[in-house]
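*Asks:* Mind having a look at this structure? Questions to follow.
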Amino acid sequence: MAVGLLNGMAGVAIAGSSQCSNDLATLMPALLDALPSYANRVIQRSRLSERQDDISGYILLTSAPDFDPLPLEGEGPDSADSLDGDVQQVFFTTLERQYGISGFRRIQAHHWLFMVPTQQGWQLALMQTSIENYPSSYLPPEPPRDSSNGVVAQAIRLWLRDCQAGALVVDR
């Protein structure tokens, strides 16, 4: 399935409805297919607006979504327990390339996404990410951290905004 923005996408069919699917299992494959390009644009804008070169990476690939929920545990306002009963869990992985002085390294980021339905459509409520070297090294993955305001979360919010506005083209 190819997904892109309406402007500049000649020859791509528009899906039957310009609204996002209310079914998260239908929505997530399209979102994850477009996620690398959305995330890379977030990275580029951050570099330009903040004039920083320390954001030196790119999202290369995403995995298929996994909808098997884990039990929610934890405390505090940013924990998974603080979310309402309608929350849906989605797991996915990204393969990323980070550049530094000595070359590049590949990392694999494991994302635990919490989505909630609203009247406007699905919204990101919370996201946690664990990072490890790729291919896996002898070091264990880092513990999950709140990534609700990170590059991938920003990209997800932008894609959902575009989808809910009917600005996406989907070719099935």
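The values are calculated or read from the model by the stated rules, or taken from the named source; none is laboratory data. What you see is a predicted model; the values in this text were computed from it and never measured. A quick note on method: Cβ atoms are made from the backbone with ideal geometry, for glycine too, and the neighbour counts reach across all protein chains shown.
*Asks:* Collect the residues in the stretch 142-172 that are more than 13 Å from residue 35 (Cβ to Cβ), touching a residue at least 40 places away in the same chain (Cβ under 8 Å) and assigned to a strand (DSSP E or B), keeping them in residue-number order.
*Replies:* Selection gives 146, 169, 170, 171.
*Asks:* In addition: For the stretch 124-141, enumerate the residues that are surrounded by fewer than 15 Cβ atoms within 10 Å (Cβ to Cβ) and assigned to a strand (DSSP E or B).
*Replies:* 133, the sole residue that qualifies.
*Asks:* Answer with yes or no whether residue 75 is out of contact with any Gly (no Cβ under 8 Å at 6 or more places or on another chain), over 30 Å from residue 168 (Cα atoms), exposed (fewer than 14 other Cβ atoms within 10 Å of the Cβ) and at pLDDT below 75.
*Replies:* The answer is yes for residue 75.
*Asks:* Still on this model: Being under 20 Å from residue 156 (Cα atoms), assigned to a loop (DSSP other than H, G, I, E, B) and either acidic (Asp, Glu) or at pLDDT 90 or above (or both): is that true of residue 54 here?
*Replies:* On the way: under 20 Å from residue 156 (Cα atoms): no; assigned to a loop (DSSP other than H, G, I, E, B): yes; either acidic (Asp, Glu) or at pLDDT 90 or above (or both): yes.
For residue 54, the condition - under 20 Å from residue 156 (Cα atoms), assigned to a loop (DSSP other than H, G, I, E, B) and either acidic (Asp, Glu) or at pLDDT 90 or above (or both) - is not met.
*Asks:* A further question follows. Within the stretch 109-137, track down each residue that is farther than 14 Å from residue 59 by Cα, of a type in the set (Ser, Thr, Tyr) and in contact (Cβ under 8 Å) with a residue 24 or more places away in the chain.
*Replies:* Residue satisfying the conditions is 136 alone.
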